[in-house]
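Have a look at the structure below before the remarks.
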């Protein structure tokens, strides 16, 4: 029984075992090196990734407010 070959969901390029592990996206599809980033394969989860990143930055970065200077 042969195992099904991994192919990129965008360009149908056949992938090696390591490329198929590295190219796995959170949308449960497998992509080649060119299409593994969410921006390059029009990932449905892209907005979720961006929103989670914004929330993480808002939590981790402190609010910086400068004191007003006294005019002489």
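Just so you know, all these numbers are worked out from the coordinates, no wet-lab data involved. If you're wondering where the values come from, they're calculated on a predicted model, not measured in any experiment. Please note: Cβ atoms are built from the backbone with ideal geometry, for glycine as well, and neighbour counts cover all protein chains shown.
Annotations for the structure displayed:
- Going by neighbour counts of Cβ atoms within 10 Å, the residues 54, 36 line up, fewest first, as 54, 36.
- Inter-probe distance in nm under a simple model that places probes 7 Å from Cα toward Cβ, at residue 66 and residue 11: 4.8 nm
- Note on the chain: Cα convex hull, mean projected area over all directions, 8.2 nm².
- C-alpha long axis of helix 46-60 to longest principal axis of the chain, angle in °: 40 degrees
- Calculated on C-alpha atoms, the gyration radius of the stretch 17-59 divided by its Kirkwood radius gives an Rg/Rh of 1.07.
- Considering only alpha-carbon pairs that sit under 8 angstrom and 6 or more positions apart, the relative contact order computed for the stretch 17-59 is 24 percent.
- Relative contact order of the chain, defined on C-alpha pairs under 8 angstrom at six or more residues apart (%): 19 percent
- A simple spin-label model places pseudo-atoms 7 Å from Cα toward Cβ; at residue 24 and residue 55 they are separated by 2.4 nm.
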